[in-house]
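A.B. asks: Have a look at this one before I ask anything.
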Amino acid sequence: MSDQQDLLDHLEEINAVPEENIKYCDIPYWIFIGEVESLHSRAKQDLPMLLAFNFDATKLDRMLSLTGAMRTAQANWETKQTLKQVAVENWRKEAPIMYELHDELIDFMEFAFRNHEDLLNRLSAIKEGDSKADTIQDMASLSVLGKDNVELLTAVNFEVEKLDTAAAIADRMGTLLGEVNGKMYFEDDIKLTRDRCYTLLREVVDEVRNYGKFVFRKNHEKRQGYISKYKRQRMTAYRKTKTEEASL
């Protein structure tokens, strides 16, 4: 069965996890997933000894399928993060072109319309607001205003094809801003799916680890296999640092 199918199979259960019950991973997700896969292999080998203490063997199958679901959920989240980065980079690259043309249009129109109060009032209304969204709307509005008064603009040697450019930029940047905002301001469904999936998987992992640590409580080497290697190494490094500081 594919990891994608594992996610689909568990999706109803994942979505049912209340937000207030969500647990968050305190180690890198891919490291957690790798440790769970190793834990599954170890517990499967030790299954006869675990069963002697009434361990529920079906938890290993559940842990394996939830791990596949978790792998897909994390990959989906990372894909969205990558798309967010692309959208932000595109905005940063293209925004200066928009702002430069925006200022040029206003400069030419203020001069071309200098003897037409009604047009200057329309121009003044367009210029209100300085947010990204305001600037995008300005580009569309300036394009329309300019096309309605082409003769005045050509009289001051304005390149009228820039009015079409302004409209195209407004359309492009509007879409891009939607992508940027849509990927920046969220506790979105993809992240929630990942976190909920982790919550379900963590429950099974904790149960398997607790069993292993109990069953092999007198076997240090085997017991270590039921403890997060990542956390063990971090704790060892922490203790070493503390010992070195104490010796100074």
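The values are calculated or read from the model by the stated rules, or taken from the named source; none is laboratory data. Bear in mind the structure is a predicted one, so any value in this text is a computation, not a measurement. We place every Cβ from the backbone using ideal geometry, glycine too, and count neighbours over all the protein chains shown. These area figures cover heavy atoms from the full protein model, side chains too; ligands, DNA and RNA do not enter into them. Shrake-Rupley method; radii C 1.70, N 1.55, O 1.52, S 1.80 Å.
A.B. asks: Enumerate the pairs (first residue in segment 127-146 and among the β-branched types (Val, Ile, Thr); second residue anywhere and surrounded by 15 or more Cβ atoms within 10 Å (Cβ to Cβ)) with beta-carbon separation below 6 Å, excluding pairs fewer than 6 apart on the same chain, so at least 6 apart or on different chains.
C.D. replies: THR135/HIS102; ILE136/ALA170; ILE136/MET173; ILE136/GLY174
A.B. asks: Just to be sure before I move on: is HIS116 in contact with an Asp or Glu (Cβ under 9 Å, 6 or more places away or on another chain), under 30 Å from VAL144 (Cβ atoms) and not basic (Lys, Arg) in the structure I sent?
C.D. replies: Considered against the rule, which asks whether it is in contact with an Asp or Glu (Cβ under 9 Å, 6 or more places away or on another chain), under 30 Å from VAL144 (Cβ atoms) and not basic (Lys, Arg), HIS116 comes out as no.
A.B. asks: If we keep just the residues of segment 1-20 that are polar (S, T, N, Q) and more than 21 Å from the chain's Cα centre (by Cα), which is modelled with the highest pLDDT?
C.D. replies: Taking the candidates together, the pick is GLN5.
A.B. asks: Quick one: is LEU83 touching a His at 6+ places or on another chain (Cβ under 9 Å), hydrophobic (A, V, I, L, M, F, W, C) and within 22 Å of GLN4 (Cβ to Cβ)?
C.D. replies: Here the answer is no, as LEU83 does not meet what is asked.
A.B. asks: Exactly one of (1) under 29 Å from THR193 (Cβ atoms); (2) in contact (Cβ under 8 Å) with a residue 12 or more places away in the chain is unmet by PHE108. Its number?
C.D. replies: (1)
A.B. asks: Taking helices (runs of 4 or more DSSP H) that do not extend beyond segment 1-79, which have at least 1 residues that are among the β-branched types (Val, Ile, Thr), open to solvent by less than 60 Å² (accessible area, probe 1.4 Å) and within 24 Å of GLN233 (Cα to Cα)?
C.D. replies: The qualifying helices (runs of 4 or more DSSP H) are 29-45.
A.B. asks: Please go through segment 150-170 and give me each residue that is in contact (Cβ under 8 Å) with a residue 24 or more places away in the chain, open to solvent by 30 Å² or more (accessible area, probe 1.4 Å) and either more than 14 Å from ILE97 (Cα to Cα) or touching a Phe, Trp or Tyr at 6+ places or on another chain (Cβ under 6 Å) (or both), ordered by number.
C.D. replies: Answer for segment 150-170, where residues must be in contact (Cβ under 8 Å) with a residue 24 or more places away in the chain, open to solvent by 30 Å² or more (accessible area, probe 1.4 Å) and either more than 14 Å from ILE97 (Cα to Cα) or touching a Phe, Trp or Tyr at 6+ places or on another chain (Cβ under 6 Å) (or both): LEU152, ALA155, VAL156.
A.B. asks: Spot the failing condition for ASN210; the list is (1) modelled with pLDDT of 95 or more; (2) farther than 22 Å from ASP3 by Cβ; (3) open to solvent by less than 40 Å² (accessible area, probe 1.4 Å), and only one is missed.
C.D. replies: Looking at each condition in turn, ASN210 falls short on (3).
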